[in-house]
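Quick notes on the structure that follows.
The values are calculated or read from the model by the stated rules, or taken from the named source; none is laboratory data. Quick caveat: nothing in here was measured; it's all calculated off a predicted structure. Cβ sites come from the backbone with ideal geometry, for glycine too, and all protein chains shown count toward neighbours.
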Amino acid sequence: MAFLRLAYNDGQGQTYLRVVIDGLTYPATTYDMIQIYCYDTGIYYNVGGGGANSDGTYYGNPQTFSGLNSGTTYRFYALARKNAGGQTVRIPSSDYTIFFTAKNTSPPPTPSVSVYSISGRDTTIRINTGANTDSLAIDYNWTTQDPDTTISATSNSTINHSFTVPNFATNYTVWVQAKNAYGSSGWASVSFTSGSDTTPPSVSISFYSGQNAITVGWSASDNAGLRADNTYQVYISTANTSTLYSKGYTNNTSYTFQLDGQGNPFVVGASYLVRIAAYDIYGNVGYVDKYIAFSRTRPSNFSWSYSKTSGGQFILYATEWNGLQDRINEFREYKALVRRTFTRASSGMPVYAFMFNEVRNALTDLPYTITPPSTVSSGGNIYASDLNRLVSCLNSIS
């Protein structure tokens with residue numbers, strides 16, 4: 001049986017081995033090629049031809065086995081070819097020859113470091129280590145720890161290390177140091193500028209109402225922060241359109257629109273598009289849109305302060321007459337009609353026919369179910385039934 005011996009090493013990760021084979025089955029001179037295989041690295045090394053010693057031992061030429069780690073156990077075997085083109089045998093025929101590299105007590109060399117990628121505040125650096133590296137100390141210039149973190153590493157490797165810096169579009173520096181049990185390397189550094197913020201604020205509607213006016217409330221957030229002044233811009237359309245008109249800026253998180261985008265009264269039953277836009281400190285804008293239907297609360301029924309009874313005397317106070325005019329305009333707004341201009345009554349003055357007809361005519365285009373009274377001619381009488389009919393007509397509107 002033949003045995004493989006590995007005669008020499010320098011323990012520095014490049015190991016010089018002289019192949020020695022004892023107890024050959026055949027005369028040593030019949031072996032013209034020796035190939036060494038390292039089971040743990042998966043690498044074949046061609047040793048080449050060698051010479052036979054007088055004691056029947058085969059000595060291969062010295063061979064450098066690179067890439068071996070210090071202080072590590074490796075398993076080897078040899079493939080020996082007897083005569084050119086002849087039989088190749090495994091030495092040893094089973095199992096392995098065990099070889100242990102010496103420990104390297106030198107500190108690692110300084111690594112190299114570069115920027116691999118930048119996306120906004122997210123940054124990745126690339127670190128290339130040298131020999132004898134067990135870990136990496138990493139120090140950031142925006143924090144006070146020293147170092148800020150330590151990560152595991154291996155010799156002669158490439159490591160991508162990712163982190164998030166505090167701010168956008170800001171200069172930063174990162175230092176990296178290689179370490180092992182016997183010491184540390186010098187510091188390597190890389191400087192860079194973080195990327196710009198392109199993320200818009202997030203805006204959501206928190207409440208809304210379209211009754212009597214259009215009111216909307218919202219909330220907003222941003223990864224970099226909302227700007228302090230003129231934070232929000234509010235828009236509204238005209239009735240049943242998507243064309244928006246800006247109504248200015250606000251720092252509040254709610255807004256009430258009294259008129260549509262072109263300054264017109266709201267139309268009952270119409271929908272209006274509202275947009276709330278939010279700005280962050282870098283000028284990015286995000287927005288949310290909401291269609292809101294407009295409606296009005298029906299005004300309460302009108303009643304005379306003092307009853308007006310047919311066949312008897314009654315008094316019509318100026319405040320009652322003016323109150324009826326006001327309630328008619330409330331119903332007109334409720335039905336999205338234009339307010340009317342009335343002649344106002346004063347205490348002690350009579351209600352003339354033309355004043356009665358102004359009120360009566362203001363009811364004719366409303367959707368009543370009780371018809372208004374007839375007009376009154378100049379010099380004619382106004383009866384309690386006429387006044388009560390005005391009120392019944394107005395109150396019949398749903």
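Looking at the stretch 118-160, which of the residues that are in a strand (DSSP E or B) and touching a Gly at 6+ places or on another chain (Cβ under 9 Å) is surrounded by the fewest Cβ atoms within 10 Å (Cβ to Cβ)? Before the answer, list the steps.
Start the filter on the stretch 118-160 by keeping residues that are in a strand (DSSP E or B), which leaves 118-119, 122-128, 135-140, 149-152, 158-160.
Within this subset, residues satisfying the condition of being touching a Gly at 6+ places or on another chain (Cβ under 9 Å) are 118-119, 122-123.
On the way: Ile118: 16, Ser119: 10, Asp122: 13, Thr123: 22.
Out of the qualifying residues, it is Ser119.
Within the stretch 273-281, is even one residue modelled with pLDDT under 95 and touching a Ser or Thr at 6+ places or on another chain (Cβ under 8 Å)?
No: zero hits.
I'd like to verify a number: residues in the stretch 347-364 that are assigned to a loop (DSSP other than H, G, I, E, B) and either on the phi > 0 side of the Ramachandran plot or modelled with pLDDT of 95 or more (or both), how many? Give the derivation first.
Step one: of the stretch 347-364, the residues assigned to a loop (DSSP other than H, G, I, E, B) are 347-352, 362-364.
From what is left, the residues that are either on the phi > 0 side of the Ramachandran plot or modelled with pLDDT of 95 or more (or both) are 348, 362-364.
Qualifying residue count, the stretch 347-364: 4.
In the stretch 303-340, which residues are among the hydrophobic types (A, V, I, L, M, F, W, C), over 28 Å from Ala213 (Cβ atoms) and surrounded by 13 or more Cβ atoms within 10 Å (Cβ to Cβ)? Explain how you work it out, then say what you get.
Initial filter on the stretch 303-340 (among the hydrophobic types (A, V, I, L, M, F, W, C)): 304, 314-316, 318, 321, 324, 328, 331, 336-338.
Now narrow it down to the ones that are over 28 Å from Ala213 (Cβ atoms): 304, 314-316, 318, 321.
Selection gives Trp304, Phe314, Leu316, Ala318, Trp321.
If only one of Ser310, Ser300 is modelled with pLDDT under 95 and part of a loop (DSSP other than H, G, I, E, B), which one is it?
Numbers: Ser300 fails: modelled with pLDDT under 95.
Ser310 is the lone residue from the list that is modelled with pLDDT under 95 and part of a loop (DSSP other than H, G, I, E, B).
Here are some conditions: (1) more than 60 Å from the chain's Cα centre (by Cα); (2) in contact (Cβ under 8 Å) with a residue 12 or more places away in the chain. Ser303 meets all but one. Which one does it not meet?
Here Ser303 meets the rest and fails (1).
Can you tell me which residue is modelled with the lowest pLDDT among those in the stretch 111-135 that are of a type in the set (S, T, N, Q) and more than 24 Å from Tyr282 (Cβ to Cβ)? Reasoning before the result, please.
Taking the stretch 111-135 first, the residues of a type in the set (S, T, N, Q) are 112, 114, 117, 119, 123-124, 128-129, 132-133, 135.
This time we only want the ones that are more than 24 Å from Tyr282 (Cβ to Cβ), so: 112, 114, 128-129, 132-133, 135.
Details: Ser112: 97, Ser114: 97, Asn128: 98, Thr129: 97, Asn132: 87, Thr133: 93, Ser135: 96.
Taking the candidates together, the pick is Asn132.
Checking the condition surrounded by 14 or more Cβ atoms within 10 Å (Cβ to Cβ) and either within 23 Å of the chain's Cα centre (by Cα) or assigned by TED's automatic domain parsing to the domain that holds Thr72 (or both), which residue from Gly195, Gly210, Gly225 passes? Steps first, answer last, please.
Working: Gly210 fails: either within 23 Å of the chain's Cα centre (by Cα) or assigned by TED's automatic domain parsing to the domain that holds Thr72 (or both); Gly225 fails: surrounded by 14 or more Cβ atoms within 10 Å (Cβ to Cβ).
Checking each option against the conditions leaves just Gly195.
Just the residues that are of a type in the set (Val, Ile, Thr) and in contact with a helix residue (DSSP H, G or I) (Cβ under 6 Å, 6 or more places away or on another chain), please, taken from the stretch 360-375.
Across the stretch 360-375, the qualifying residues are Ile370, Thr375.
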